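A short worksheet on the structure shown next.
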Amino acid sequence: MLHVSLTPERSVGKVRKKLPIGIDGFEKIRTNDFYYVDKTLFIKELLQNWGEVNLFTRPRRFGKTLNMSMLKRFFEVGSDPALFDGLKIAKEKELCEKYMGKFPVISISLKGVDGLNFESASVALRTLIGNEARRFDFLRNSANLSNDDKDAYAQLTEIGPAQGGFYTMTEGMAAVSLKILSQLLEKHCGQKTILLIDEYDVPLDKAFQGGYYDEMVNLIRNLLGNALKTNDSLFFAVLTGCLRISKESIFTGLNNLKVHTISDVRYDEFFGFTDADVDEMLKFYGLSSYKDEIRNWYDGYRFGDADVYCPRDVINYCDELLADPKAMPQNYWANTSGNDLILGMLKKADQTTKDEVDELLNGGRITKRIKQELTYRDIDDSTENVWSVLYAAGYLTGTHVEQADADIFRLWVPNREICKLFYELVENWFRMVTRSDTARINRFCAAFPKEDAPAIQDMLHDYLWDSISVRDTAVRRNMKENFYHGMLLGLLRSQDSWLVRSNAEMGEGYSDISIQTPDRIGIVIELKYADDGNLEAACSKALKQIEEKKYAEGLKRRGTKKIIKYGIAFCEKECMVVMA
């Protein structure tokens, strides 16, 4: 590890704030003594760079929901101004006097709009809207609303037994619900409404996976069109999401939309942690000596002109370090849909795409045309479109190439966390591919008890050329060896009748791979990565280690009648197999 101290320093006289693990509510953070990285000047910039409808696309885990919660607490009538005491926005006295606590705010997150079919997803959306509408129960008795207005409110909030306890709101009513609610709030409050919609694109992602995409696109298009395009009661709206869905798909005719993607300079420092944010946090908790480790693992994203860390990762690792100063960095990235996307790309990959993944995994960069607007159908149309999604979702980062075409980007893997994730996904993909060719893999495995080292080497060499190599000098040797170890282990474990052990205690150490076959043949395999390309020397070192550590002794004690020992060396896509 690159840090110096194994014991976090304690700040004298300073009360330890809790780290907000999994907490994205601004009020909860501010009232429960959680550490908060101050992003409140986002409010000032949003007001200064006025846009009636603002869409921010950022990868998940970069603070979109927390920022939306902050906006709600700043603008909404009845919010506690003390939540912002001591924060940067509080110094903007004139702005706070004019805007703080002055507006009705509708705030919804579409993250949970999901279902096995369109009907269940539609019910989820209507429930979400109905629950938000019920927050404004004072509208039922408002002196500023007509009876017709109150009837409209009732249609948004009534729950009927005939509907199994769900809202009676029709799908047609749902499509105009946000517009109606904002109109009613303006009439009651005498002030136009602010609309906040978090994770606006999630229902479309879920619908595409569930096979009801067209129906959901139609519903979301009508919902957003009514709320954003023809709504005189709207003061302004903010939407966040991962992807910028094409106007033709859901933003048809919306001419007041300002889109701020991860390549835009404006607002670049308000999502994610900047270097200064991380320095301040580490200093507060006495963890400054871990800065290099945290930078290597969780930095590397490029938003506009800002270098950005993934905030959730930094917070989680700091929390681990406070409990255990010797804790190693972990992969906190757990986006199942994104992982499936990469696996899908690898399944369809031609040799060019494999070479490009190879280049990225080994610290290189590739140049691609990035589509700033997509539909979910576009993603599946070609592998080329997947690069755009991987960039938008944070699996890759990049910058514009200095030339006339603004859609050309140079892309790279941002940090060691994502690199490790890619390695694991490539291993899984390779395992799936190889196991689909049963005859070939059986021939490969059969060569081990037959003591046919040349055949093992030839077939392993072929497998390597079908896979991805690991040559990045920034990757530690054990990670390289682990990559090849996982690949070989996956091949050998295809033999159901074999007992295949990985890193099992054998003799005076832990052998990489040990095998026992039904006919009592024992096989010991030691792997080495040859950084200098000297495969023969690496094989000799592997065999020497088998002898010195007495790895065969464990198999002998289990009653094997014959022991076969293999040293296998790798370097990128080359290999050598030597038998003792």
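The values are calculated or read from the model by the stated rules, or taken from the named source; none is laboratory data. Since the model is a prediction, treat every value here as computed from it, not as a measurement. Every residue, glycine as well, gets a Cβ built from its backbone with ideal geometry; the counts of neighbours run over all protein chains shown. We work out accessible area using only protein heavy atoms, side chains counted, and drop any ligands, DNA or RNA first. Shrake-Rupley method; radii C 1.70, N 1.55, O 1.52, S 1.80 Å.
Of all DSSP beta bridges located in the chain, what percent are antiparallel, nearest 5? Among the beta bridges of the chain, antiparallel pairing accounts for roughly 50 percent.
Please label the shape of segment 142-185 as rounded, prolate or oblate, based on the square roots a ≥ b ≥ c of the eigenvalues of the alpha-carbon gyration tensor (a/c under 1.5 means rounded; beyond that, a/b larger than b/c means prolate, else oblate). The shape class here is oblate. In segment 17-93, the portion of solvent-accessible area held by carbon and sulfur atoms comes to 47 percent [1.4 Å probe, whole percent, DNA, RNA and ligands not counted].
One-quarter of the Cα convex hull surface for segment 181-313, in nm²? Average of the hull's projected areas for segment 181-313 equals 11.2 nm². Take the Cβ atoms of LYS18 and VAL77, set R0 to 35 Å, and the FRET efficiency comes out at 0.75.
Could you please report the charge total around THR399, scoring K, R as +1 and D, E as -1 over all other residues with beta-carbon less than 13 angstrom from its beta-carbon? In short, -2.
Stokes-Einstein, applied to the Kirkwood radius of segment 152-218 over Cα pairs at a viscosity of 0.692 mPa s and 37 °C, places its translational diffusion at 233 µm² s⁻¹.
Summing charges over neighbours of LEU492, with a neighbour being any other residue whose Cβ is under 12 Å away from its Cβ, gives +2 when K and R count +1 and D and E count -1. Pairwise Cα distances in the chain exceed 33 Å for 54 percent of all pairs. Segment 486-555 and segment 47-76 have Cα centres separated by 54 Å. With a ≥ b ≥ c the root eigenvalues of the C-alpha gyration tensor of segment 494-580, is it rounded (a/c under 1.5), prolate (a/b larger than b/c) or oblate? Judged from the Cα gyration tensor, segment 494-580 comes out prolate (a/c at least 1.5, a/b above b/c).
Of the solvent-accessible surface of segment 293-390, computed with a 1.4 Å probe over protein heavy atoms with every protein chain present, carbon and sulfur atoms account for 41 percent. Between segment 89-157 and segment 411-462, the C-alpha centres lie 53 angstrom from each other. Each residue of segment 82-91 was assigned a 3J(HN,Hα) from its phi angle through the Karplus expression (A = 6.51, B = -1.76, C = 1.60, θ = phi - 60°), giving 5, 4, 9, 4, x, 8, 4, 5, 5, 6 Hz with x at Gly and Pro. What the phi angles of segment 28-45 give under the Karplus curve with 6.51, -1.76 and 1.60, with θ = phi - 60°, is a coupling list of 5, 5, 6, 9, 10, 6, 8, 5, 10, 7, 6, 10, 6, 5, 4, 4, 4, 5 Hz, glycine and proline written as x. A 1.4 Å probe run over the chain, with the rest of the protein chains in place, finds 43 Å² accessible per residue.
Segment 358-379 and segment 160-195 have Cα centres spaced 40 Å apart.
Note on GLN351/GLU373: beta-carbon distance plugged into 1/(1 + (r/R0)^6) with R0 of 30 Å gives a FRET efficiency of 0.55. A cut-off under 10 angstrom between Cβ atoms defines the neighbours of LYS561, and their net charge, with Lys, Arg +1 and Asp, Glu -1, is +2. The angle separating the long axis of helix 477-492 from the principal Cα axis of greatest extent in the chain is about 80 degrees. Gyration tensor analysis over the Cα atoms of segment 56-141 returns equivalent ellipsoid semi-axes of 30, 19, 8 Å (largest first, whole Å).
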